[in-house]
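All remarks here apply to the structure that follows.
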Amino acid sequence: RVEDRLLNIKRIPEDSVATRFGIFTPITPIPDSIQINQEQQPTHPLATFVGRYQHDGFGEVIISLEKGNLYAQVPFTKLRLGHLHYNVFNSHYIEEVPLVMTSSWLRFNFVSNFQGVIDGLEINIGEEGAVEFERINYQDE
């Protein structure tokens, strides 16, 4: 096409919609098993993070534990959580997604109260810092 040559657009035949926006690299899934940072382990067993977390504006996040891995069901997709340090986890897509962004774009920080119970979740959704989600139950129902 003439416009392709003028704009120096390289077409990828397997995804013509995405090529309207230029070259992209699909996000590929990460391996199945979670790698725990042994020097900065979580303060609680992974099962204690399982539950429902609510925010009035962003909705509900459901954390589940499947085959030793934490997953976050958010309104638009399901993410696998990879351990970063202590109670902080990166998000990873569990299937290939043709988007231009990094695969660990959300961070999940599980927060405990004074009794040591996980009662909240912070996610870096907003531009002004983390958004706090309140835990509304203590196991996946």
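A compact table of results
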item	result
Projected label distance in nm at residue 112 and residue 128, using a 7 Å step from Cα toward the beta-carbon	3.0
Peptides ranked, highest mean first, by Cβ atoms within 10 Å: ranges 56-64, 105-113	105-113, 56-64
Interchain or long-range residues, amide H under 5 Å from residue 107's placed H	124
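Readers should treat all values here as calculations from the given coordinates under stated rules, not as data from a laboratory. For clarity, every value in this text was computed on a predicted model and none was experimentally measured. Reconstructed Cβ throughout: ideal geometry from the backbone, glycine too, with neighbour counts over all protein chains shown.
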